[in-house]
Amino acid sequence: MDLNKSYDFKEVENQVIKEFSQMEINPQFAQNTFSIAVPPPNVTGSLHMGHALNCTIQDFLIRYNLLLGKDSVWFVGTDHAGIATQTVVEKNLLKQGIRRSDITPEEFLSKIWEWKEQYGSIILDQFQRLGIYANIKSARFTMDPEYTKAVKKAFVELYKKGYVYKGKRVVNWCPRCLTSLSDLEVVHKPTPTKLYYVKYKLNDGYIIICTTRPETILADTAIAVNPNDKRYSSLIGNYAEVPIVKRLVPIISDQEVDMEFGTGALKVTPAHDFNDFKIYQKNQQIDIINIFNTKAQLVIDKIINEHNKEILESYQGLDRYQAREKIIKDLTEQNLLHKIEDYTTNIGYCYRCDTVIEPYYSDQWFISMKELVRKPKEVVENDQIRFFPSTYKKVVIDWYENIQDWCVSRQILWGHRIPVYYCKDCGYEDASEEELRVCPKCGKNLEQEKDVLDTWFSSALWPFAVMYWPLDKFQKYQQNYYPTNVLTTAREIVFLWVSRMIVMSMFFLNQIPFKDVIIHAVILAPSGKRMSKSLGTGIDPLELIEKYGADALRMGLIIQTAESQDVKFSYEKIEMARNFINKIWNSIRYFQIRKTNPNAKSKLSFQTIELINLWLYLNLYELVNKLDQLANNYKFFDYCMSLYQFVWNVFCDWYIEFTKFMDYSDFEKTVQDALRIILLYLHPLTPFSTYFLYQKIFQKNIMQEKIQNAKDAIQEQIQNIENEGIKCSKIDDLIESIKQIRPFINEIINLTAKQNVTVHYQSFDDQIDHRDLIFLFNTFTKTVHNAVNDHKIDEQLSNYFVINTKIGSIKIFVEKEYISKFREFVDQKIRKLEENVNKIQKLLNNSEFILKADRQVVDNYREQLQNYLQMIEINKTILDQI
RNA sequence: GGGCGGAUAGCUCAGUGGUCAGAGCGCCUGCCUUACAAGCAGGAGGUCAUAGGUUCAAUUCCUAUUCCGCCCACCA
C-alpha cells in the first residue's frame, strides 16, 4: 500500500465517515460504563463554533473511555426550542407571503412540524461531519411522544405536590413574540433614553415626578415618596391628578423610593413596571390598570371617561412609542412637562428577537423554587457535582441562594401544552397526564390550558428523560448510565439549563444528573467580538472542515481553548493541527517505505540499538502516564500538547532519525508498539486519520482496541529496563549535547560556507559504543571527526574552540581567517554565561539564602555555577591564546 | 450596585515562588539532507500592565491602580 506524500483529509474523511455511519453503536448495558447526555441543539440550528468545540470535547471523552474498554454511551437528541423555532418558521412563512394571522393556529402548528421534519435533524448530520461516536438514529427529540410523557408527568407531579401556582403577575413580555419570558430570557443592555419631568396637579400647585416612560402615565394609580422625605411628608394621603387622563391618585409612602433620584417622587404604574407592581402588592388601596394589549398598543377602554374623552380617543391603538411622542406633545401643550434630560439606563430585550421587553400584567404559571433548590444546593456545596473550572461552584450556589420563582408559561403554540384542565361552568381545575374531557364535578366539557411550557422546562428533564423516564425501560438505563459522568456546556446556559437539571433530577429521582460539569471556553471572532451570524463575525465550522478537515478542526479547537474563558479564534492553531496530522501521516509513510525496502543498512551496534529502543519505551511510558492523568482531569489542552510534543520532538525528531541507521528488523517491534500508543491516544482527538492509519498498519478497527493492551507492551519493556538497570538517559545526554553544539556548527557553516565542520572529541562516555557515538554525533551536527583524543590538538590550540557537553569535550576547528568573526560569536555566548554566573554568585553569597532556601535548590545552583565557570574558563584560556 | 476572569514575544496563547520565561504563527539565515517545504537546522525578538507589600528569592503570593472582558441585579 502506498500513502500519499501529504495527508489528503478529504479522501480519508470521506471514506471513513461512510464506515462510521455504518457502525452499529448501541448501549451494551455493561458493568463498566461511561455516559454523556449531549446538550440538545435546537432544531432551528446549524453547527456553530460552540457546538464544534463542545462536540469535540464530548467525543473526546466518549472515545477515550471507549478505548479504556468501557461501554461508552453518548445520548443525543434535539430540542424543540419553543420561541426560537416558532420565530424561525414564522419568518420563513413570511418569505412565502404567508402571515401568521392568515392561517389558523392548527395550520401554523402543522407548518412548524413540517419544518421540523424537514430541517430538524440537519444539525445532527453536521455533528457527524465532526466524527462523533454516537448513534444518531436513536436521537431523542424533546417533543417526541415518549418525551412528552416525561414532561406531563413532571408537571403534574409538581402541580400535585403544590409547587406549581397560577397567578396574575407582571412578567417580561415580548410584544413581537407575543409571549411571556423568564427573567433569564431577557437581555439587559444599556440604552440611551430620556428622563421626563412631569407635573401632576395638586389641590395647590404641583408635584413633579420623573419617568423614562411617559406613555405609562395613563396607567398610573398612585404617586409614591419615601416616608423619610421631608419635602413631601405633608402630601402623604393627599391626591394628585394624573395628567391627560385627569384621574386622581393617592400619594403614598414607600421605603423603596429613592429620595436622591429625580425629584424623589415616583409615579406608580403597577401593570407596567416590576417595582411598581411590588408597591401595588404591598398597598391594597391602590389600583392596577393595564392599558396595553399584547402587542403593546394602547387600549383606552378602562381609562376613558367624560373628562378625558376628547383627548384620549386619539390615543387608541397607538403603539408604545407613538404614544410616547404624543403624550410628550400633549404634556408640552398643557405646560405640564417640566424638563427633559438625557439618560442612559439598562433596558431589557427579548433574547430571541431583540424587541424591547414590556413588563406586562397577565395570568401566568409559576414554579415555586425555594424549596426545590435546597438539595441541589447541597450536592453542589459538597462537591457531589464538581464544576470545571471550579469557580462555577460558587456562581451556581449564589444563584440557588437568590432563587426567584420560575415563570414557566408561554403564550406560543410550539411547545408542551400545560396539562391543566378547566371547567368553565363550575370552576373545576386539575392537572392530569391523561387528557381529561368531562368535568368530574359537573359533567360538562373541560378545556385544556392554552399556554405551553417554557422550553427550558422540558430541557431540565433531559438527562433522565433522554433515557426514557418515566417509562419502565428507564430503570435499566438508570442502573447502567445514570447519573451521567459528565456534562459539558457553554457558560451562557449554566442557570438556564444546568442548574435546573440538577433541580429536576434531585426532585424526581433524588439523584444527581451528572457527576462533573465542564464549562468550556467561549470562542470569539478573531477581532475579539462575539461570533454572530447577524454581525457577520461568525466563522462556519463546516467551512473549516472543508478547508482543513474535521480532525484538524477538532484538534485545532482543543489547542486554542486551554482553560481560559474567552479565546479569539485562531486559524494558525487549526493549521498547526493540520500540519501535525500530516506529520504523523508521513512518519507512518516512512515506516511503510522502510518495510518495503528492508535493505539492511545497520550502522550501529546491537547495544546502541537496544538502548535507543528502550529509550523510546521509557519516553512512551512517561507519556502514557501523563496523558491518562490529564484526561482524567479534563486537561484537554495539555493532553493534546503533550502528545504533540512527544510525536514531533521525540518520536519524529530523534527516534525516526535514529532508525535511519538501523535495519528494519531492529526497530519494527518498537515502532509498532509506539504507533499503537500514539494512534490510540490520538484517536479521541483526531478520529478520522487515526482510524484510517490504524487500519492500514494493523488491519484492525481502532475503536475495538483497548489502550490497556498497548500499555502492557510498554510496561513489559519498562520491567526490562528496571531489572537490568539500563541507563536510557545516555541517549538524552547525547541529544542534549548535539543541541548544545549545533548553534556553533551552524555559525561556522554560515561563516565558511562549508558543508561540514571538523571537530575533535575528548573523553567521551564509553557507555555507548564509541564508534556509534561519533557516528551519530557527526550525522546530527554536520561535523566530521578528525581524531579522537588527539594529542596534537594542543599544538594548534589557537584554531580550536572547546565546548563541554554531557558526553565529553568537543573541540571545534576554525580556520584562521574566520577566527576573529567566530570570536565575536563566542564572546557573546561567554558574556551570556557570565551574566548567569553573576546572578548565581550573588545568590550564593547571600547567607540568608543559604540558610533558608531548600537544600536541593542551593545544591542545584552550586552545580550550575560550576558548570558555567568551567565552560567560561576553558573557553577564555583558549580565546586568550588566539 | 454586587461578583468573577484576564493583562507574558509582532499576533494567538501556554507556564512557573528559585536552575538563561515557552509553543504555534510571523520575521531573519542556511537547507528540496529521499517520511514530511504542511518539512529540516539555526537565529532575532520579552523590565511577564503599573505601584507598593510579603519573602533569602516574586512574572508567579498579597494589596491598590489602570485597561479589557464576562456574569448577576435592574431606581423610576
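The values are calculated or read from the model by the stated rules, or taken from the named source; none is laboratory data. Quick caveat: nothing in here was measured; it's all calculated off a predicted structure. No Cβ is skipped: glycine too gets one built from the backbone with ideal geometry, and neighbour counts run over all protein chains shown. With ligands, DNA and RNA removed, areas are computed over all heavy atoms of the protein, side chains included. Shrake-Rupley method; radii C 1.70, N 1.55, O 1.52, S 1.80 Å.
Only helical DSSP H runs with n ≥ 4 go in: add -39500 (n - 2.57) per run for chain A, normalise by residue count and round the 222 nm mean residue ellipticity to 500 deg cm²/dmol. Please report the intermediate quantities before stating the final value.
Details: 28 runs with 388 residues, N = 882.
So the calculated ellipticity at 222 nm is -14000 deg cm²/dmol.
What GluC sites (Glu not before Pro) in the stretch A:502-583 are in a loop by DSSP, with at most 16 other Cβ atoms within 10 Å of the Cβ?
Details: sites: A:Glu543, A:Glu546, A:Glu563, A:Glu572, A:Glu575; in loops: A:Glu563.
Sparse-neighbourhood loop GluC sites (Glu not before Pro): A:Glu563.
May I ask for the angle, rounded to the nearest 10°, between helix A:499-509 and the longest principal axis of chain A, with both axes built from Cα atoms and the value confined to 0 to 90°?
The angle comes out near 80 degrees.
P(r) for the stretch A:102-255, please, calculated from all Cα pair distances in 10 Å bins and given in %.
In order of increasing distance, the bins hold 8, 18, 22, 19, 14, 12, 7, 1 percent.
Pick out, from A:Phe366, A:Val299, A:Gln866, the residue whose Cα sits farthest towards the positive end of the charge dipole of chain A, with +1 on the Cβ of Lys and Arg and -1 on the Cβ of Asp and Glu.
Result: A:Val299, furthest along the dipole toward the positive end.
Compute, for chain A, the length of the dipole vector about the Cα centre, with Cβ point charges of +1 (Lys, Arg) and -1 (Asp, Glu) only. Units Debye, rounded to 20. Let's see the in-between values first.
Numbers: 108 positive and 112 negative charges, 147 e Å.
So the dipole magnitude of chain A works out to roughly 700 debye.
For the stretch A:623-767, what is the per residue volume of the convex hull drawn over the alpha-carbon atoms, in cubic angstrom? Spell out each step's value before the answer.
Numbers: hull volume 25.2 nm³, N = 145.
Considering the Cα atoms of the stretch A:623-767, their hull volume per residue is 174 Å³.
Could you work out how far the C-alpha centroid of the stretch A:531-586 sits from that of the stretch A:165-198, in angstrom?
First find each Cα centre; the distance between them is then 39 Å.
Assign one of three labels to the stretch A:228-366, namely rounded, prolate or oblate, based on the Cα gyration tensor with a ≥ b ≥ c the square roots of its eigenvalues; rounded applies when a/c is under 1.5, prolate when it is not and a/b is larger than b/c, and oblate otherwise.
Values: a/c = 1.36, a/b = 1.13, b/c = 1.20.
Rounded, since a/c falls under 1.5.
Could you pull out every one of the lysines with an alpha carbon less than 21 Å from that of A:Lys806, ignoring same-chain neighbours closer than 8 positions?
A:Lys727, A:Lys730, A:Lys739, A:Lys782, A:Lys829, A:Lys832, A:Lys876
With all pairs of different alpha carbon atoms counted, what Kirkwood hydrodynamic radius in Å does the stretch A:253-312 show? List each step's numbers first, then the result.
Working: mean 1/r = 0.0746 Å⁻¹.
Final number for the Kirkwood radius of the stretch A:253-312 is 13.4 Å.
Contact order normalised by length for chain A, with contacts defined as Cα pairs under 8 Å and 6 or more residues apart; what percent is it?
Numbers: 1399 pairs, mean separation 110.3, N = 882.
For chain A, the relative contact order is 13 percent.
Probe of 1.4 angstrom, ligands and nucleic acids ignored: what's the accessible area per residue over chain A, in square angstrom?
On the way: 41040 Å² over 882 residues.
On a per-residue basis, chain A sits at 47 Å².
Among A:Gly162, A:Cys407, A:Ile288, whose Cα sits farthest toward the positive end of the charge dipole of chain A (+1 at Cβ of Lys/Arg, -1 at Cβ of Asp/Glu, about the Cα centre)?
Of the options given, the answer is A:Ile288.
Considering every Cα-Cα pair within chain A, what fraction, in whole percent, is farther apart than 54 Å?
Details: 140466 of 388521 pairs.
When every Cα pair of chain A is considered, 36 percent fall beyond 54 Å.
Please compute the Kirkwood hydrodynamic radius of the stretch A:381-523 from all pairs of different C-alpha atoms, in Å with one decimal. Before the final figure, lay out the partial values.
Working: mean 1/r = 0.0574 Å⁻¹.
After inverting the mean inverse Cα-Cα distance, the result is 17.4 Å.
Loop-only GluC sites (Glu not before Pro) in the stretch A:659-742, please: DSSP not H, G, I, E or B, and at most 11 other Cβ atoms within 10 Å.
On the way: sites: A:Glu668, A:Glu705, A:Glu716, A:Glu722, A:Glu724, A:Glu736; in loops: A:Glu705.
Hits after loop and neighbour filter: nothing returned.
Which whole-number percent is the relative contact order of the stretch A:1-153 (Cα, under 8 Å, 6+ apart)?
Working: 152 pairs, mean separation 50.1, N = 153.
Relative contact order, the stretch A:1-153: 33 percent.
Round to the nearest 10 and give me the degree value, 0 to 90, for the angle of helix A:636-645's Cα axis relative to the longest principal axis of chain A.
20 degrees
Given axes a ≥ b ≥ c from the Cα gyration tensor, I'd like to know whether the stretch A:470-596 is rounded (a/c under 1.5), prolate (a/b larger than b/c) or oblate.
On the way: a/c = 3.08, a/b = 1.50, b/c = 2.06.
Taking the square roots of the gyration eigenvalues as a ≥ b ≥ c, the stretch A:470-596 is oblate.
Between the helical axis of A:550-561 and the dominant principal axis of chain A, each derived from Cα atoms, what acute angle in degrees is found, rounded to the nearest 10?
The helix A:550-561 is inclined about 80 degrees to chain A.
Would you mind working out the magnitude of the charge dipole of the stretch A:128-210 relative to its Cα centre, with +1 at each Lys and Arg C-beta and -1 at each Asp and Glu C-beta, to the nearest 20 Debye?
Working: 16 positive and 6 negative charges, 35 e Å.
Computed charge dipole of the stretch A:128-210: roughly 160 debye.
If one computes the Cα centroid of the stretch A:217-233 and of the stretch A:811-829, what distance in Å separates the two points?
The two parts, judged by their Cα centres, are 90 Å apart.
In Å, what Rg and Dmax follow from the Cα atoms of the stretch A:321-397?
In order Rg, Dmax, the Cα atoms of the stretch A:321-397 give 22.8, 66 Å.
Among A:Ile539, A:Tyr694, A:Ala271, whose Cα lies farthest out toward the positive end of the dipole of chain A, if unit charges sit on the beta carbon of Lys, Arg (+1) and Asp, Glu (-1)?
With unit charges placed on the Cβ atoms, the residue in question is A:Ala271.
Magnitude of the Cβ-charge dipole of the stretch A:98-245, K/R +1 and D/E -1, about the Cα centre, nearest 20 debye?
Working: 23 positive and 16 negative charges, 67 e Å.
The calculated dipole for the stretch A:98-245 is roughly 320 debye.
Whose amide H sits under 5 Å from the amide H of A:Ala296, counting only residues 5 or more places off or on another chain, with H placed in the peptide plane?
none
Which entries in A:Lys370/A:Lys515; A:Lys515/A:Lys706; A:Lys754/A:Lys816 show an alpha-carbon gap greater than 20 Å? Intermediate results must be reported in sequence, preceding the final value.
On the way: A:Lys370/A:Lys515 23 Å; A:Lys515/A:Lys706 25 Å; A:Lys754/A:Lys816 14 Å.
Too far apart for the 20 Å limit: A:Lys370/A:Lys515; A:Lys515/A:Lys706.
Taking 10 °C and 1.306 mPa s as the conditions, I'd like the Stokes-Einstein D for the stretch A:214-303 in µm²/s, using the Kirkwood hydrodynamic radius from alpha carbon pairs.
On the way: Rh = 13.4 Å.
Reported coefficient: 119 µm²/s.
Would you please give the residues with an amide H less than 5 Å from that of A:Asn135, counting only those at least 5 places away or on a separate chain, with H modeled from the backbone geometry?
Those lying under 5 Å, H to H, from A:Asn135 are A:Trp74.
Can you give me the relative contact order of the stretch A:226-312 as a percent, contacts being Cα pairs under 8 Å and 6 or more apart? Don't skip to the answer; put the middle values down first.
On the way: 88 pairs, mean separation 20.4, N = 87.
With pairs under 8 Å counted, the relative contact order is 23 percent.
If I histogram all Cα-Cα distances within the stretch A:1-156 using bins 5 Å wide from 0, what percent of pairs lands in each bin?
The distribution over the stretch A:1-156 is 2, 8, 14, 16, 16, 14, 11, 8, 5, 3, 2, 1, 0, given as percents.
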